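Colleague: I'd like to ask you about the structure that follows.
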Amino acid sequence: MSNTPSPSPAPGTGLTSRRGSAAGRWIVAVPLHLTLAIGLVAGCASSTASTDPGAEPGPVPGTVTTVPAAPSPSAVPSDAPSPTSSRTPGSVTTVAPSPEPAETPVRAVAPPSGAFLALEGLTVAAAGTMSDYDREALFGGWIDADGDCEDSRNEVLARDLTGVTSADGCRVDTGTLADPYTGASIDFVRGVATSGDVQVDHVVSLGNAWVTGARRLSPADRVALANDPLNLLAVDGPANGSKSDQDAAGWLPPNRAFACDMVAIQIAVKSRYGLWVTAPEKDAMAEVLAECPDQQLPAGTPFGDIPAGTAPEPAPVVVEEAPAAPADVHYANCTAAREAGAAPLLRGQPGYRSAMDRDGDGVACE
């Protein structure tokens with residue numbers, strides 16, 4: 001059996017192969033240790049960073065981050081523009097709601113008065129025509145509703161005047177008025193030249209009543225309206241003339257302290273008789289009532305009674321004796337006696353005749 005020798009390695013190659021194999025094992029081992037060392041160092045760095053109190057952790061993708069609401073501009077005044085918040089992509093930002101503003105307190109308002117509420121209940125419409133207005137034919141004159149010989153005018157004078165005197169108990173002869181329209185004090189004396197100083201006014205004038213619904217009233221109701229003590233006042237004559245048929249939009253009393261009372265009377269009368277107001281009239285009434293929010297509706301003051309026998313005692317008449325006249329003196333009438341200068345004629349004197357002494361008091365042609 002022959003042995004075939006193994007091929008001899010090339011010179012220098014055997015040793016090199018063995019060293020190379022060992023070196024290969026060292027080279028493979030070294031990177032593994034380096035890797036472990038690097039990992040250890042990185043872990044220590046991460047641990048150190050997480051324990052740093054000054055560091056702020058960054059947002060982690062996929063998480064929900066709550067961002068507080070920015071302060072209100074009114075709460076933190078600043079001239080600088082508000083910074084824009086930086087948000088992490090893929091995250092959801094929840095903003096806390098701003099606080100609700102404080103409620104403004106409401107001022108308490110007093111409830112409307114009786115007069116104001118009644119005004120709100122009146123119908124508002126345009127005024128009618130005055131072309132067919134006739135005061136006497138439509139409303140009549142003063143009446144004596146209770147048959148006591150005192151008509152409505154005199155009963156109002158007896159109610160509104162002080163110090164009233166009357167000779168017959170049916171008519172007011174004198175008195176003193178505290179005028180509500182002007183605030184003046186007026187002495188009243190009955191007479192052709194003086195009675196007009198004090199007049200009895202329809203607070204809702206009959207002309208105004210006619211154009212605001214009185215044409216729909218029955219004749220009896222119109223007479224009642226014209227003689228209703230609620231609608232009647234004794235007032236200054238010239239002031240009543242200036243008022244005439246005007247409503248509150250056209251005329252208010254010079255004594256403004258009485259304006260609320262006058263407007264309240266007008267509202268009460270219109271409510272009682274179903275009359276309406278015009279828009280300007282309502283506005284004027286509301287403006288007056290704004291100055292007296294507690295004004296109530298009047299119910300009306302009843303008529304006054306005239307005290308009988310309160311006229312001042314007349315001064316005694318001093319009769320001078322006439323000069324003697326011829327026995328056959330005859331006067332056809334009192335005019336002739338006056339022209340002769342003989343009047344008055346006393347009973348027993350020449351020329352006296354009972355036919356000329358109409359009241360039978362013994363004095364003729366007085």
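The values are calculated or read from the model by the stated rules, or taken from the named source; none is laboratory data. Predicted model, so just to flag it, every value in this text is computed and none were measured. Cβ coordinates were reconstructed from backbone atoms using ideal geometry, including for glycine residues, and neighbour counts include every protein chain displayed. We work out accessible area using only protein heavy atoms, side chains counted, and drop any ligands, DNA or RNA first. Shrake-Rupley method; radii C 1.70, N 1.55, O 1.52, S 1.80 Å.
Colleague: Looking at ASP361, is it over 29 Å from GLU155 (Cα atoms), modelled with pLDDT under 75 and part of a loop (DSSP other than H, G, I, E, B)?
Modeller: Values: over 29 Å from GLU155 (Cα atoms): yes; modelled with pLDDT under 75: yes; part of a loop (DSSP other than H, G, I, E, B): yes.
Yes; evaluated as a whole, the condition is true for this residue.
Colleague: Mind checking whether some residue in the stretch 323-337 is in contact with a Lys or Arg (Cβ under 9 Å, 6 or more places away or on another chain) and modelled with pLDDT of 75 or more? Full working, then the answer.
Modeller: Taking the stretch 323-337 first, the residues in contact with a Lys or Arg (Cβ under 9 Å, 6 or more places away or on another chain) are 330-331.
Keeping just the survivors that are modelled with pLDDT of 75 or more gives 330-331.
Yes, the stretch 323-337 contains at least one residue that is in contact with a Lys or Arg (Cβ under 9 Å, 6 or more places away or on another chain) and modelled with pLDDT of 75 or more.
Colleague: Is the stretch 192-214 home to any residue that is surrounded by 17 or more Cβ atoms within 10 Å (Cβ to Cβ), over 26 Å from GLU281 (Cα atoms) and either within 33 Å of the chain's Cα centre (by Cα) or of a type outside the set (Asp, Glu) (or both)?
Modeller: yes
Colleague: OK, next. Out of the residues in the stretch 147-176 meeting the condition of being out of contact with any Asp or Glu (no Cβ under 9 Å at 6 or more places or on another chain) and open to solvent by 70 Å² or more (accessible area, probe 1.4 Å), tell me which one is nearest to LEU233 (Cα to Cα).
Modeller: Here the residue is THR162.
Colleague: Considering only residues that are in a loop (DSSP other than H, G, I, E, B) and not aliphatic (A, V, I, L, M), look in the stretch 216-233 and name the one that is nearest to the chain's Cα centre (by Cα).
Modeller: We begin by selecting, within the stretch 216-233, every residue in a loop (DSSP other than H, G, I, E, B); these are 217-218, 227-228.
Those left that are additionally not aliphatic (A, V, I, L, M): 218, 227-228.
Values: SER218: 33, ASN227: 30, ASP228: 27 Å.
My answer is ASP228.
Colleague: If you check ASP134 against the conditions, is it within 37 Å of the chain's Cα centre (by Cα), surrounded by fewer than 19 Cβ atoms within 10 Å (Cβ to Cβ) and of a type in the set (D, E, K, R)? Please lay out each step first, then the result.
Modeller: Numbers: within 37 Å of the chain's Cα centre (by Cα): yes; surrounded by fewer than 19 Cβ atoms within 10 Å (Cβ to Cβ): yes; of a type in the set (D, E, K, R): yes.
Here the answer is yes, as ASP134 does meet what is asked.
Here's the yes/no breakdown for (1) touching a Pro at 6+ places or on another chain (Cβ under 7 Å); (2) open to solvent by less than 60 Å² (accessible area, probe 1.4 Å):
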| residue | (1), (2) |
| --- | --- |
| LEU232 | no, yes |
| ASP236 | no, yes |
| ASP245 | no, no |
| ASN255 | yes, yes |
| ALA259 | yes, yes |
| CYS292 | no, yes |
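Colleague: When you look at GLY183, is it touching a residue at least 60 places away in the same chain (Cβ under 8 Å), farther than 20 Å from GLY300 by Cα and open to solvent by less than 40 Å² (accessible area, probe 1.4 Å), yes or no?
Modeller: Working: touching a residue at least 60 places away in the same chain (Cβ under 8 Å): yes; farther than 20 Å from GLY300 by Cα: yes; open to solvent by less than 40 Å² (accessible area, probe 1.4 Å): no.
When the stated conditions are applied, GLY183 does not pass them.
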